[in-house]
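Peer 1: Below are the structure tokens for one structure; questions will follow.
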Amino acid sequence: MTIREQSYFALAALMDGPLHGYAIIKRASELSGGRVRMAAGTLYAALDRLSAEGLLRVVDEEVVNGRARRYYDLTDEGIAALRAEAERMLQAAQVVTERPARRARVVKPA
């Protein structure tokens, strides 16, 4: 299973423990060096999908200012999928980073 970049960083944000949606958005942005920016709608669609896939679950819910705030956490399957994706990306990166680049030499006529 390949995990999309936004979902990867949303899952990675939960590695230290449960977070609510806005905190996931902020932590994912921090972890990605600002590359991953999610709108709330995008995040919640991803969280619903990841939950349906069994990678995370709602662990708590509270009402703040009249709105439900859900806290999400990784499942064991989510941790395994996140680690597998990190390993896949590492192996893919090593194809490039662990061997010298060969430059084609242009042969000029004498």
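The values are calculated or read from the model by the stated rules, or taken from the named source; none is laboratory data. Treat the numbers as computed from the prediction; the structure is a model and nothing was measured. Note: ideal-geometry Cβ built from the backbone for every residue, glycine included; neighbour counts use all protein chains shown. Areas reflect the complete protein model, heavy atoms only, side chains present, ligands, DNA and RNA absent. Shrake-Rupley method; radii C 1.70, N 1.55, O 1.52, S 1.80 Å.
Peer 1: Looking only at residues in the stretch 31-52 that are of a type in the set (A, V, I, L, M) and touching a residue at least 24 places away in the same chain (Cβ under 8 Å), which one is farthest from Ala81 (Cα to Cα)? Give the steps one after another, and end with the answer.
Peer 2: Of all residues in the stretch 31-52, those of a type in the set (A, V, I, L, M) come to 31, 36, 38-40, 43, 45-47, 50, 52.
Those left that are additionally touching a residue at least 24 places away in the same chain (Cβ under 8 Å): 36, 38, 43, 46-47, 50.
Working: Val36: 19, Met38: 21, Leu43: 18, Ala46: 15, Leu47: 15, Leu50: 11 Å.
Looking at residues that are of a type in the set (A, V, I, L, M) and touching a residue at least 24 places away in the same chain (Cβ under 8 Å), I get Met38.
Peer 1: Could you tell me which numbered condition Tyr8 fails, if it satisfies all but one of (1) without any contact (Cβ under 8 Å) to a residue 40 or more places away in the chain; (2) among the aromatic types (Phe, Trp, Tyr); (3) buried (at least 17 other Cβ atoms within 10 Å of the Cβ)?
Peer 2: For Tyr8, the exception is condition (1).
Peer 1: To continue, here is another question. Determine, yes or no, whether Glu61 is open to solvent by 80 Å² or more (accessible area, probe 1.4 Å), out of contact with any strand residue (DSSP E or B) (no Cβ under 9 Å at 6 or more places or on another chain) and free of Cβ contacts under 8 Å to residues at least 60 places away in the same chain.
Peer 2: Taking the combined requirement at face value, the residue does not satisfy it.
Peer 1: While we're on this one: Could you grab me the full set of residues in the stretch 67-110 that are open to solvent by less than 100 Å² (accessible area, probe 1.4 Å) and not in a helix (DSSP H, G or I)?
Peer 2: Within the stretch 67-110, Ala68, Arg69, Tyr71, Tyr72, Asp73, Leu74, Thr75, Ala101, Ala104 meet the criteria.
Peer 1: Looking only at the stretch 31-64, which residues are part of a loop (DSSP other than H, G, I, E, B) and within 15 Å of Gly21 (Cα to Cα)? So that I can check it myself, show each step before the final result.
Peer 2: Initial filter on the stretch 31-64 (part of a loop (DSSP other than H, G, I, E, B)): 32-39, 53-55.
Val36, Arg37, Met38, Ala39 - these are the residues of the stretch 31-64 that are part of a loop (DSSP other than H, G, I, E, B) and within 15 Å of Gly21 (Cα to Cα).
Peer 1: What is the residue count in the stretch 46-58 for residues that are open to solvent by 70 Å² or more (accessible area, probe 1.4 Å) and farther than 17 Å from Ile25 by Cα?
Peer 2: 2
The rows are residues; the columns are (1) under 19 Å from Ile25 (Cα atoms); (2) over 25 Å from the mean Cα position of the chain (by Cα).
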residue	(1), (2)
Asn65	no, yes
Arg69	yes, no
Tyr72	yes, no
Asp76	no, no
Ile79	yes, no
Ala86	no, no
Arg102	no, yes
Arg105	no, yes
Ala110	no, yes
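Peer 1: So, in the stretch 1-30, exactly how many residues are part of a helix (DSSP H, G or I), of a type in the set (A, V, I, L, M, F, W, C) and either modelled with pLDDT under 95 or under 24 Å from Glu87 (Cβ atoms) (or both)?
Peer 2: Number of matching residues: 9.
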